[in-house]
Every structure is written in C-alpha cells, then in structure tokens.
Amino acid sequence: MDVEVEEEQERIPFSQRREWADVCPVPQEDGPNPVVPIDYTDDFRETMDYFRAVYLADERSPRALQLTEETIFLNPGNYTVWQFRRLILETLNVDLREELRFIEQITRDNSKNYQIWHHRRWVAEKLGTQVTNKELEFTREIFSKDAKNYHAWSHRQWVLLALGGWEDELSYCDELLEDDIFNNSAWNQRYFVVSKSPVLGGLEAMRDSEVAFTIKAILLRPENESPWRYLRGLYKNNVKSLASDPRVASVCLDVLADKRDSVHALNMVLDLLCHCYQPSNELKNAIDALYSEIPNPSSDSGLAARVCWVLQRVDPMRANYWEWRKNTIPSQA
C-alpha cells in the first residue's frame with residue numbers, strides 16, 4: 001500500500017474489515033491504576049491492539065505485513081514493529097526493492113528517526129551492490145534539506161564501506177563545502193574519505209594536497225573552526241609533524257596579520273610552540289605586538305606563555321582554560 005494514498009483515504013477500522021474478522025484484538029495492559037495514562041487516538045489504539053494480536057501469534061502473512069505498514073505510519077519509531085516487519089519480509093521473500101520505496105516515503109517526513117535508518121541499512125545489506133548508487137543518491141536528497149543529518153551521514157558512510165561507491169565522494173565533499181564552507185559534517189566526511197577510501201591511497205598520500213586545500217579554506221574564513229581542526233587531523237594529531245610543515249605557521253601569521261584576535265590561529269601557534277617549533281622573527285614580532293597591548297603582563301614570559309596571555313584577553317570565556325595551558329607549557333617553549 002502507498003502510504004501517501006493511505007493517508008488521503010478515509011480509514012476503515014480493522015473491526016469493519018472482513019479479512020480481519022477472525023482476529024481478536026489484544027488491548028494494551030497498563031495495570032488497574034495507571035499513573036499517567038496516555039490519551040491515544042482511537043485509530044492508534046485499535047491498530048496497536050490488532051498488531052499485538054498478530055505479533056503474539058507470530059503471524060507472518062501478507063495481511064500482517066500490511067498491518068505493520070499501517071502501524072509504522074502511525075508511529076515510525078516503534079522498534080518492535082520494525083523488527084517484526086523484517087521477520088515477515090524474510091518469511092514471505094518479498095521484493096526488497098519495493099521495501100526501499102516504502103522506506104523512502106516514511107523517511108521524507110521522519111528523516112531523523114533512527115529505526116527507519118536501521119531498517120534501510122538492513123534492506124540495503126540484503127540487496128547488496130545493486131543499490132549502491134540509489135543509497136548514495138537518497139542521502140544526497142536528505143542532505144539537500146538537512147545538510148547535517150547525523151543518521152543520513154552514518155548511513156552514507158556505511159554504504160561506502162560495505163557497498164562501495166568511493167569514486168566521486170571527494171568531489172561530492174568539494175561540492176558541499178563550496179556551497180557551505182562551515183558545514184562541519186562535510187569536513188568530517190572529507191576526512192572519512194581521505195583516510196578510508198581505497199581509491200585515494202590513504203592519508204599520507206593525500207596529505208600534501210589536503211593541507212593546501214585546507215589552508216585556502218582557512219584564509220577564506222579564518223573564524224571557521226572546522227578547517228583548523230581538519231588541518232590537525234591530517235597529521236593524526238601528531239603536532240610535531242604538524243609543526244614541521246612551514247605552511248602551518250605561515251597561515252597562522254597570515255591570519256593574525258589581518259585578524260589579530262583569531263583564537264584559532266593563536267591556539268595553533270601555541271600548539272606549535274609547545275612542540276619544539278622554532279618561530280620566525282615575523283611570528284615573534286606579531287605575538288610580541290599583541291602581548292604589548294595587555295595591561296600589566298608578566299615581564300619574564302616566554303613566547304608560548306605570551307600567547308596564553310593574549311588568548312586570555314581575546315577569549316575571556318575560556319580564560320581559565322588558557323591559564324591552565326600556560327601552567328602546562330614545557331620549559332623549552
């Protein structure tokens with residue numbers, strides 16, 4: 001049954017359907033004195049009463065499958081109904097491509113429902129690589145309405161790992177970031193692709209070009225935290241390797257020249273200094289200039305400590321954190 005058609009039609013109660021005349025509905029048992037009884041609609045109560053009847057009888061028939069569809073339409077989050085539907089689908093050997101169409105109808109109005117995405121994964125796993133492109137396209141459709149839908153991103157990553165389809169995924173990330181450079185989900189997906197894709201050669205092979213891509217993104221919008229974090233991720237949080245790349249310190253200097261209170265740039269400089277980075281005279285002068293604007297600073301502060309002083313001023317909400325960082329600076333910094 002098409003759910004959209006069902007919604008438009010006037011519902012016929014199960015008690016008036018001849019095909020259900022042999023079924024005795026099972027009411028919900030809330031005990032003699034329920035504390036907060038739920039005020040279900042009559043349609044919902046009756047549908048669930050009939051579902052309980054077929055569920056307790058373990059009836060895996062076409063009418064039971066139809067019943068689960070109507071029940072899901074009323075409550076798409078009912079785990080038991082979805083699980084029973086899977087048992088029926090397997091028993092009846094239903095064409096699961098039809099099941100995907102049913103799920104699409106439900107998902108469009110319930111795109112953040114975990115049970116729906118879990119069921120879709122189950123169906124896609126059964127169908128295999130014949131639905132790879134369909135699954136990737138469906139998540140694209142969801143992202144066009146909600147670019148940060150966690151369930152859809154999780155499903156897309158599962159599809160790539162289990163069914164393939166990596167070839168155009170980095171280009172898709174480019175497309176998303178071109179549309180919205182602040183899309184942290186797209187940055188996360190980019191890292192997933194660069195580090196997991198079997199067609200790109202792995203993180204080390206992609207690092208040089210990805211650092212260049214990320215630096216361009218940082219210079220475009222320095223206040224965007226995502227590319228700064230992505231830059232760290234490209235080195236798997238190995239800050240010593242990060243510090244050895246001259247482009248990292250250079251982009252920090254470029255940002256600070258234009259945006260003197262950039263917390264992200266200052267934080268990156270602090271990380272570099274704490275891991276044996278030897279700063280250029282230009283960077284030292286830039287930090288000293290900012291430090292000189294602080295009232296009553298400590299006169300014997302090293303460069304890393306001076307960065308912390310500056311961060312306490314430009315990021316007062318986390319002043320205590322920067323004070324803690326200052327107290328943990330290695331002696332050589």
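The values are calculated or read from the model by the stated rules, or taken from the named source; none is laboratory data. These numbers were taken from a predicted model, which means no experiment stands behind them. In this analysis, Cβ positions are derived from the backbone assuming ideal geometry, glycine residues included, and neighbour counts consider all displayed protein chains. When the accessible area is computed, the model is the full protein with side chains, heavy atoms only, and any ligands, DNA or RNA have been set aside. Shrake-Rupley method; radii C 1.70, N 1.55, O 1.52, S 1.80 Å.
Charge tally for residue 310 (other residues, Cβ to Cβ under 14 Å; Lys, Arg +1; Asp, Glu -1): +3. State the percentage of accessible surface on region 213-292 attributable to carbon and sulfur atoms; use a 1.4 Å probe and exclude ligands, DNA and RNA. Taking all protein chains in place, region 213-292 shows 48 percent carbon and sulfur surface.
Per-residue ellipticity at 222 nm, computed for the chain from helices alone with -39500 (n - 2.57) per DSSP H run of at least four residues, works out to -20000 deg cm²/dmol.
Note: region 83-184, Cα convex hull, 91 Å³ per residue.
Taking loop as defined by DSSP and a crowding limit of 16 other beta carbons within 10 Å, which GluC sites (Glu not before Pro) in region 150-237 fit? Mind dumping the intermediate values first?
Numbers: sites: 167, 169, 175, 178, 204, 210, 223, 225; in loops: 167, 223.
Answer in residue order: 167, 223.
Considering only alpha-carbon pairs that sit under 8 angstrom and 6 or more positions apart, the relative contact order computed for region 32-112 is 26 percent. Eigenvalues of the alpha-carbon gyration tensor of region 140-239, scaled by 5 and square-rooted, set the equivalent ellipsoid semi-axes at 21, 18, 11 angstrom, largest first. Across the alpha-carbon atoms of region 191-254, the computed radius of gyration and Dmax are 11.6, 36 angstrom. With everything on Cα atoms, drop me the angle between helix 62-74 and the longest principal axis of the chain, reported from 0 to 90° to the nearest 10. Helix 62-74 sits at roughly 50 degrees to that axis. By the Stokes-Einstein formula, at 1.306 mPa s and 10 °C, region 136-178 with its Kirkwood radius over alpha-carbon pairs has D equal to 150 µm²/s.
Per residue, the accessible area of region 55-194 comes to 46 Å², computed with a 1.4 Å probe over protein heavy atoms only. Rolling a 1.4 Å probe over the protein heavy atoms leaves residue 144 with an accessible area of roughly 90 Å². Seen against the Cα atoms of the chain and their longest principal axis, helix 114-127 is set at about 80 degrees.
List the relative contact order of the chain as a percent without decimals, with contacts defined as Cα pairs under 8 Å and 6+ residues apart. Don't skip to the answer; put the middle values down first.
On the way: 306 pairs, mean separation 26.9, N = 333.
This gives 8 percent for the chain.
Taking the empirical scaling 2.2 N^0.38 Å for compact globular proteins as reference, the chain has a Cα radius of gyration ratio of 1.43.
Derived value for region 246-333: Kirkwood hydrodynamic radius 12.8 Å. Basis is the mean of 1/r over every pair of different alpha-carbon atoms. With the convex hull drawn around the C-alpha atoms of region 17-146, the volume per residue stands at 126 Å³. Ranked from largest to smallest solvent-accessible area, with a 1.4 Å probe on the protein heavy atoms, 317, 206 come out as 317, 206. Run down the lysines and flag those whose C-alpha is under 20 Å from the C-alpha of residue 148, throwing out any fewer than 8 positions away in its chain. The reachable lysines, counting only those whose Cα sits under 20 Å from residue 148, are 112, 134.
Roughly how many debye, to the nearest 20, is the charge dipole of the chain about its Cα centre, given +1 on each Lys and Arg Cβ, -1 on each Asp and Glu Cβ, and no other charges? Walk me through the intermediate numbers first.
Working: 39 positive and 54 negative charges, 340 e Å.
For this selection, approximately 1640 debye.
To the nearest ten degrees, helix 203-220 and the longest principal axis of the Cα atoms of the chain are 80 degrees apart.
To the nearest µm²/s, what D does Stokes-Einstein give for region 193-301 at 10 °C and 1.306 mPa s, using the Kirkwood radius over alpha carbon pairs as Rh? Mind showing how you got there, number by number?
Details: Rh = 14.9 Å.
Approximately 107 µm²/s, per Stokes-Einstein.
To the nearest 10, the accessible area of residue 87 is 50 Å² with a 1.4 Å probe. The ratio of the alpha-carbon radius of gyration of region 75-124 to the globular-protein estimate 2.2 N^0.38 Å is 1.05. Relative to its Kirkwood radius, the Cα radius of gyration of region 42-93 gives an Rg/Rh of 0.93. Of the trypsin sites (Lys or Arg not before Pro) found in region 116-164, the ones in coil according to DSSP and having at most 16 other Cβ atoms within 10 Å of their Cβ are 148. When only alpha carbons are used to place a centre, region 11-33 and region 254-302 end up 72 Å from one another.
How much accessible area per residue does region 239-297 have, in Å², with a 1.4 Å probe?
Working: 2830 Å² over 59 residues.
About 48 Å² of surface per residue is accessible.
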